[in-house]
Amino acid sequence: MRIGLLQCGAVRPGLAATHGDYPTLYAGLLGPGFDWRTFRVFEGEIPAPDACDGWLVSGSRHGAYEPHRWIPPLEDLIRRIHGQRPLVGICFGHQIVAQALGGTVRKHPTGWSVGRHRYDWNGRSLHLNAWHQDQVAVPPPGARTVMSSAFTVHAGFAIGPATLTLQPHPEFPSALIADMIPAVGRGIVPDPLLASAAAAVAAPVDNVATGARLAAFFRGDAPMSDRT
């Protein structure tokens, strides 16, 4: 199965040298059995919706509501893919899919979510890493919230059998979060939040289980509870 990565940003070079950029991180998350093609949409590379069998929209440091020239074409592409091929959005991808399909994205009123958090995914408790300030405040029409946390009510949603999005970063290992704290967070994220995230980097996260669940979604083997 060919998966198209709609890459909406890049991991900082110093971090990517150690942990890999988004193409490496997502390929590792889903595991073997997929043929990946990467389209750097944040640089204006917008593919045809039938170029791949399934699509994954990546994270990004940008906001879905920011006036970048590549965001309207990406939203149009999302609308053309939606309902036709499997579509997964992660963090920014979760937000831009929501916005493209009629939802609302805005900054969280209490600030940042950074590091390990507990999520409920259709009754199953998972711990995953997060790094975001924006959130889906209003899901798009027809969406069913499938993941939530104490911080983010709409941390994941599904629309129909082929669109699924998640706010956390299951592709981020805790070692990457540990390095992001000083390289990305310092001076931007409040120090107490960074300290709390640093204290939790040794605790286990459920990246492998989440990756398996997303791989099953692309293959059409996901539980019906992940679909509507």
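Laid out as a table, the results:
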| quantity | calculated |
| --- | --- |
| Lys/Arg +1, Asp/Glu -1 at C-beta; the chain dipole; positive extreme among 224, 16, 32 | 224 |
| Of all DSSP beta bridges in the chain, antiparallel share, percent nearest 5 | 60 |
| Cα extents of region 1-45 along the three principal axes, largest first (Å) | 31, 26, 10 |
| Charge dipole (debye, nearest 20) of region 166-228; +1 at Cβ of Lys and Arg, -1 at Cβ of Asp and Glu | 120 |
| Region 29-40 - phi-based ³J(HN,Hα) in whole Hz, Karplus 6.51/-1.76/1.60, Gly and Pro as x | 5, 7, x, x, x, 10, 9, 9, 10, 10, 10, 7 |
| Cα gyration tensor category, rounded, prolate or oblate, for region 2-226 with a/c compared to 1.5 | rounded |
| Residues 165, 210, sorted so that the one with the fewest Cβ neighbours within 10 Å comes first | 210, 165 |
| Net length gained if the chain between residue 137 and residue 208 were fully extended (0.36 nm per residue, minus Cα distance) | 22.8 nm |
| Estimated 222 nm signal from helices in the chain, with DSSP H stretches of n ≥ 4 weighted -39500 (n - 2.57), rounded to 500 | -8000 deg cm²/dmol |
| Residues 45, 171, sorted so that the one with the fewest Cβ neighbours within 10 Å comes first | 45, 171 |
| Neighbourhood net charge (9 Å Cβ-Cβ; Lys/Arg +1, Asp/Glu -1) for residue 184 | +2 |
| When region 1-118 is reduced to its Cα atoms, the Kirkwood hydrodynamic radius in Å | 14.9 |
| Rounded to the nearest 20 debye, dipole of region 2-226 from Cβ charges on Lys, Arg, Asp, Glu | 220 |
| Over region 2-226, relative contact order from alpha-carbon pairs under 8 Å, at least 6 apart, % | 19 |
| Order of 76, 134, 35, 179 under a 10 Å beta carbon neighbour criterion, fewest first | 35, 76, 179, 134 |
| Under the Debye formula (equal points on every Cα, no solvent term), log10 I(q)/I(0) of region 122-228 at q = 0.13 Å⁻¹ | -0.54 |
| Near-label residues of region 37-57 by backbone N, under 14 Å of a point 7 Å along Cα→Cβ of residue 84 | 47-55 |
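No lab work stands behind these numbers, since they all come straight from the coordinates. Owing to the predicted nature of the structure, the values given are computational and were not obtained by experimental measurement. Cβ sites come from the backbone with ideal geometry, for glycine too, and all protein chains shown count toward neighbours.
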